[in-house]
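The values are calculated or read from the model by the stated rules, or taken from the named source; none is laboratory data. Quantities reported herein were computed from a predicted structural model and do not represent experimental measurements. Note that we place each Cβ from the backbone using ideal geometry, even for glycine, and neighbour counts take in every protein chain shown. Surface areas here come from the heavy atoms of the whole protein model, side chains and all, with no ligands, DNA or RNA. Shrake-Rupley method; radii C 1.70, N 1.55, O 1.52, S 1.80 Å.
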Amino acid sequence: MAGLNLLENKQYLEARNSFTEAIKIQPQNAHLYEARATANEKINLKESLLDANMVIQLTPTSARVSLLRF
């Protein structure tokens, strides 16, 4: 996935844009919101928190979600 490569190369704005486009195609994919939250964490904490909340809504029983709540 292009977004993950961009994230790995610290191209956070480009990664966020890539994940945003992917979310338009798969709006129920919690992994995409989680990845975008990671990119947003580097450039915009408020948007990162919004994405983390979406992950919680989409996968409330996931073990990973419990980490996002803290």
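Would you kindly find the accessible area of Glu41, with a 1.4 Å probe and non-protein molecules such as ligands, DNA and RNA excluded, rounding to the nearest 10 Å²?
Counting only protein heavy atoms, the figure is 110 Å².
Nearest 10 degrees, 0 to 90: what angle lies between the long axis of helix 30-43 and the longest principal axis of the chain (Cα atoms)?
60 degrees
Would you kindly state how much longer the chain becomes between Ala2 and Thr20 on full extension, computed as 0.36 nm times their sequence separation minus their alpha carbon distance, in nm to one decimal?
Result: 5.3 nm gained on full extension.
When the accessible area of the chain is computed with all protein chains present and a 1.4 Å probe, what percentage of it is carbon and sulfur?
Its accessible area is 55 percent carbon and sulfur atoms.
Keeping every protein chain in place, order Ile43, Ile23 by accessible area at 1.4 Å, biggest value first, i.e. largest first.
Ile43, Ile23
To the nearest 10 degrees, how steeply does helix 12-25 sit against the main Cα axis of the chain, on a 0 to 90 scale?
Helix 12-25 sits at roughly 60 degrees to that axis.
Using a simple spin-label model with points 7 Å from Cα along the Cα→Cβ vector, what separation in nm is obtained for Asn9 and Ile43?
Taking the two extended label points, one gets 1.4 nm.
State log₁₀ I(q)/I(0) for the chain at q = 0.16, 0.21, 0.29 Å⁻¹ as given by the Debye formula over alpha-carbon point scatterers of equal weight, solvent excluded.
Debye intensities relative to I(0), on a log10 scale: -0.48, -0.81, -1.28.
Taking Cα atoms, how many degrees apart are the long axis of helix 45-58 and the longest axis of the chain, rounded to 10 and kept between 0 and 90?
Relative to the chain, helix 45-58 is tipped by roughly 50 degrees.
What number comes out for the charge environment of Leu32, summing +1 per Lys or Arg and -1 per Asp or Glu over other residues with Cβ under 12 Å away?
With Lys, Arg at +1 and Asp, Glu at -1, the neighbours total 0.
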